[in-house]
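Undergrad: Submitted below is the structure of interest, expressed as structure tokens.
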Amino acid sequence: MTDSAAMHTVSVLIPLALPGPYDYSVPPHMSVAPGAIVRVPLGPREIYGVVWGDAEGAAPPHKIKPISALCDVPALAEELRQFVDWVANYVMSPPGAVLRQVMRVPAAFAPPKPLVVYAASATRPEKITPARQKVFDASAARGAMTSAELARVAGVSGSVVKTLIKNGHLTAHELPGDITFDTPDAAHHQTSLSAEQGEVASALRAAVQAGDFSPHLLDGVTGAGKTEVYFEAIAQALEMGKKALVLLPEISLTTQFLDRFEARFGCAPALWHSGLSQAERRRTWRELAENRISVLVGARSALFLPWRDLGVIIVDEEHDGGFKQEDGVIYNARDMAVVRAQLAACAVVLSTATPSLETYVNARDGRYQAHRLTARHGAAQLPEIELVDMRTHQPPRGAWLVPQMVARVGAAIERGEQALLFLNRRGYAPLTLCRACGHRYACPDCDAWMVEHRFRKQLQCHHCGHVEAVPDSCQSCGETDKLAACGPGVERITEEIIGHFPDARTVILSSDMGGVAAMRDAIERISAGEAEIIVGTQIVAKGHHFPQLSFVGVVDADLGLGNGDLRAAERTYQLLSQVAGRSGRSVDVAGFAMLQSHMPEHPVLQALASGDRDGFFEREIMAREMAKMPPFGRLAALIVSATSPDEGMAFVRQLATKIPALKGVQVLGPAPAPIARIRNRYRYRFLLKADRHAPLQGFIGDWLRHAKPRGSVRLSVDIDPYNFL
């Protein structure tokens with residue numbers, strides 16, 4: 001194009017950590033609109049990007065390259081582009097890095113290829129061998145199939161099928177490349193709700209029907225039937241032709257949830273999580289972009305899918321730390337779901353039995369509409385909770401369970417019920433040491449102890465994944481039979497309980513006990529009553545429903561209380577309340593929980609035992625408000641890491657000299673991170689504490705403009721940090 005005035009240029013955002021969009025010219029034969037997905041040259045390669053708007057730069061026309069191709073996929077909606085920009089500004093990540101969350105499935109940017117299937121034609125070969133007959137029999141029984149499927153079902157080689165195709169004895173038919181997802185039916189099965197449930201369900205239906213942004217807290221005790229209530233909000237969206245997104249913290253383990261969804265709506269929802277194959281992710285992304293998925297259940301990244309016509313977003317177990325993305329683009333999906341709903345002008349429902357303090361305060365102060373479910377569904381009762389003082393009631397030597405807890409497990413088994421022992425510590429023991437020389441087995445790449453996994457005969461670092469075989473002798477002094485496992489993990493508790501009840505069927509539920517498929521299988525077996533004793537980590541608190549579970553024993557109720565974390569008390573209360581709430585969820589099974597503790601007088605444990613949740617929250621709120629900590633103040637963390645401690649410290653010192661002065665913002669540090677080395681990278685932290693309305697992002701932006709990481713140095717910003725390690 002020689003007439004530069006006539007050249008149409010647009011800005012294209014590329015899904016890389018670049019400072020902003022790049023300008024490209026639009027070829028004369030091409031018409032693009034904002035949101036269009038295009039392929040553009042970038043250096044020596046071509047890459048996908050999204051048209052973000054008309055170009056605003058003043059680059060010389062001869063330096064502007066043309067767009068290579070326009071992808072045959074619907075353009076990204078304006079509200080999604082606004083969401084990308086909002087998230088980027090808030091969490092202080094390059095917008096291209098946020099866009100990468102949207103564009104992780106490039107195979108979906110082209111229409112699916114038609115699927116070619118084959119069926120038997122009217123003609124038959126002159127000679128019908130046994131193998132050929134198997135093919136015709138399979139075709140008659142199963143109908144049209146791909147050539148590979150036909151060979152597999154018939155039990156013949158691919159060459160037999162190819163010959164029949166070549167000679168016209170199998171006829172080809174083209175089918176659409178993707179099978180459309182089933183559409184949930186809002187009227188498939190009307191759930192019987194209690195009066196309390198019905199009142200809340202009506203309020204949520206009205207909020208969805210209003211078709212405007214409204215945030216809601218669905219606050220119900222464990223077993224209150226919150227899922228059935230928010231299903232009614234989804235039903236309302238479906239009746240209006242709108243879409244629904246459900247976010248779950250552990251989507252890969254939610255067999256029970258999916259069964260309940262199918263019973264209510266007649267089919268399974270679409271899914272989105274890291275366990276899907278690339279083909280499944282491509283199909284789901286494409287179908288959603290084309291507005292052909294009505295309900296999707298997903299992990300936190302489902303917020304960045306190409307939604308249109310959202311009617312409601314549900315965040316189940318909104319308090320769960322699994323909604324915080326800790327690497328790459330660091331964000332909290334709970335908070336971003338509220339923003340996404342605001343941009344989509346739809347209702348958002350935060351559902352939990354133990355609200356996060358931020359959500360609790362938002363509801364208390366009227367920013368969110370609060371809905372309470374105070375009773376369990378049906379005649380089921382909340383469990384009784386007993387505290388055991390380990391200072392006066394001690395386990396036998398070499399054991400970790402007090403006699404009264406073992407007795408409770410035995411009583412549950414005798415009644416034909418189930419017992420759960422909870423310890424939030426994976427493996428067999430958190431530390432292995434030599435009794436001869438005192439050597440402790442530490443990770444070579446992290447400042448952390450190696451955790452023994454006795455069932456796998458391995459030592460493993462739970463920060464970087466480094467694995468070693470359990471040694472026969474001490475690597476320091478060479479002594480044999482001197483290695484001692486210190487402290488308990490779930491494997492050690494399992495060993496102890498099997499010693500008491502060798503004939504009971506015992507199952508471990510832990511994230512590293514065989515992968516997602518094995519975990520899902522274990523949950524299904526427990527739900528079916530095929531285990532008497534469950535020993536588990538925090539994975540057992542993820543909303544599972546075990547009808548025959550009557551007793552929960554917490555091995556170490558103090559475990560999360562002493563780490564100095566801002567949210568230590570809140571998290572411990574939430575976790576232990578959720579774990580205890582697994583018991584007694586059926587009408588005919590009474591629930592009981594026993595918590596072993598060396599400090600039963602702690603306010604968290606007293607609140608659990610007395611059932612005074614709101615009193616505990618009010619005390620936490622008072623302490624946070626006095627200290628101007630979230631949600632009454634703001635925090636941010638700057639994490640610097642480097643392969644050399646000198647290089648990292650030099651950059652940290654440089655940063656420290658350039659801290660701007662701003663009233664209402666205090667910078668603490670720098671200091672080595674509590675875990676100072678992970679994956680052989682040395683880590684340093686600044687912690688920023690700010691007044692609630694202080695311009696924190698602007699302050700950080702001004703500060704970081706004066707110091708750019710070089711060499712091996714990396715710098716990440718965590719707005720509203722949850723992890724202080």
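Undergrad: So between Glu625 and Ala484, what do we pick up on full extension, going 0.36 nm a residue minus the alpha carbon distance?
TA: 46.2 nm
Undergrad: Moving on. To the nearest 0.05, what FRET efficiency results for Glu46 and Asp85 with a Förster distance of 30 Å applied to their C-beta separation?
TA: For R0 = 30 Å, the calculated efficiency reads 0.75.
Undergrad: What net charge is computed for the residues neighbouring Ala671, neighbours being all others with C-beta under 12 Å from the C-beta of Ala671, Lys and Arg scored +1, Asp and Glu -1?
TA: Surrounding charge for Ala671 is +2.
Undergrad: Taking amide H atoms as placed 1.01 Å from N in the peptide plane, list the residues 5 or more away in sequence, or in a different chain, whose amide H sits under 5 Å from that of Leu459.
TA: Answer set, sorted by chain and number: His453, Glu468, Ala469, Val470.
Undergrad: What ranking, highest mean first, results for peptides 574-584, 135-145, 324-334 when packing means the other Cβ atoms within 10 Å averaged over each residue?
TA: 574-584, 324-334, 135-145
Undergrad: Above 18 Å lies some portion of the pair distances; for the range 289-447, what is it as a whole percent of all C-alpha pairs?
TA: 76
Undergrad: Evaluate the distance, in nm, between pseudo-label points positioned 7 Å from the Cα of Gln209 and of Cys437 along their respective Cα→Cβ axes.
TA: Between Gln209 and Cys437, the label points sit 7.6 nm apart.
Undergrad: Okay, moving on. Quote the FRET efficiency, to the nearest 0.05, computed for Ala69 versus His693 with a Förster distance R0 of 60 Å and r equal to the Cβ-Cβ distance.
TA: It comes out at approximately 0.80.
Undergrad: Farthest toward the dipole's positive end in the chain, which of Ser121, Pro603, Thr354, given Cβ charges of +1 (Lys, Arg) and -1 (Asp, Glu) about the Cα centre?
TA: Ser121
Undergrad: In the structure shown, do any of Lys243/Lys542; Lys542/Lys628; Lys113/Lys162 have a Cα-Cα gap over 28 Å, and if so which?
TA: Pairs exceeding 28 Å: Lys542/Lys628.
Undergrad: May I pose another question? To the nearest 20 debye, what charge dipole does the range 4-103 have about its Cα centre, counting +1 at the Cβ of each Lys and Arg and -1 at the Cβ of each Asp and Glu?
TA: Result for the range 4-103 is approximately 340 debye, rounded to the nearest 20.
Undergrad: Starting from the Cα-Cα distance between Ser31 and Ala518, subtract it from 0.36 nm times their residue separation and give me the gain in nm to one decimal.
TA: 170.3 nm
Undergrad: So what are the ³J(HN,Hα) numbers for the range 534-547, from phi and the Karplus equation (6.51, -1.76, 1.60; θ = phi - 60°), rounded to whole Hz, Gly and Pro as x?
TA: Listing the rounded values in order: 10, 10, x, 8, 4, 4, 6, 8, 8, x, 6, 10, 10, x Hz.
Undergrad: Quick check on the chain: helices-only [θ] at 222 nm, where DSSP H runs of length 4 and up contribute -39,500 (n - 2.57) each and the sum goes over total residues. Nearest 500, please.
TA: Taken over the chain, the calculation gives -9000 deg cm²/dmol.
Undergrad: Is the shape of the range 428-487 rounded, prolate or oblate, going by the alpha carbon gyration tensor and its root eigenvalues a ≥ b ≥ c, with a/c under 1.5 for rounded and a/b larger than b/c for prolate?
TA: Note, shape of the range 428-487 comes out prolate.
Undergrad: Still on this model: Give me the dipole magnitude in Debye, nearest 20, for the range 433-560 about the Cα centre, with unit charges on the beta carbon: positive for Lys and Arg, negative for Asp and Glu.
TA: The calculated dipole for the range 433-560 is roughly 100 debye.
Undergrad: Kindly rank 597-603, 543-549 from highest to lowest mean number of other beta carbons found within 10 Å of each residue.
TA: Answer by packing, highest mean first, reads 543-549, 597-603.
Undergrad: Quick one: Cα convex hull volume of the range 419-575, Å³ per residue?
TA: That works out to 134 Å³ per residue.
Undergrad: Could you state the number of Å between the C-alpha centres of the range 512-588 and the range 687-708?
TA: Value for the Cα centre distance between the two parts: 39 Å.
Undergrad: Moving on. How much length would be gained if the chain were fully extended between Ala187 and Leu18, taking 0.36 nm per residue of separation minus their Cα-Cα distance, in nm to one decimal?
TA: In short, 56.1 nm is gained.
Undergrad: So how strong a dipole does the chain carry about its Cα centre when Lys and Arg Cβ are +1 and Asp and Glu Cβ are -1, to the nearest 20 debye?
TA: Here the size comes out at about 1980 debye.
Undergrad: So, in Å, what gap is there between the alpha-carbon centers of the range 334-406 and the range 205-274?
TA: 19
Undergrad: Per the Debye formula with a single identical scatterer at each Cα and no solvent contribution, what log10 I(q)/I(0) holds for the range 4-103 at q = 0.11, 0.14, 0.19, 0.24 Å⁻¹?
TA: Each listed q maps to, in turn, -0.30, -0.49, -0.89, -1.35.
Undergrad: So, one more: Going by average Cβ neighbours within 10 Å, how do the peptides 630-643, 104-117 rank, with the highest at the top?
TA: Top to bottom by mean Cβ count within 10 Å: 630-643, 104-117.
Undergrad: Tell me which cysteines of the chain come out unpaired when the rule is another cysteine's Cβ under 4.7 Å.
TA: By the Cβ distance rule, which asks for a partner under 4.7 Å, the isolated cysteines are Cys71, Cys267, Cys346, Cys464, Cys486.
Undergrad: Under a no-solvent Debye model with one identical scatterer per Cα of the range 195-373, what's log10 I(q)/I(0) at q = 0.17, 0.20 Å⁻¹?
TA: Here log10 of I(q) over I(0) equals -1.07, -1.56.
Undergrad: Output the Kirkwood hydrodynamic radius of the chain, Cα pairs only, in Å rounded to one decimal.
TA: 29.1
Undergrad: Rounded to the nearest 0.05, what FRET efficiency is calculated for Ser159 and Asn291 with R0 set to 41 Å and r the Cβ-Cβ distance?
TA: 0.45
Throughout, read-outs are computed from the coordinates displayed, never taken from laboratory work. These figures come from a predicted structure and were not determined experimentally. Cβ coordinates were reconstructed from backbone atoms using ideal geometry, including for glycine residues, and neighbour counts include every protein chain displayed.
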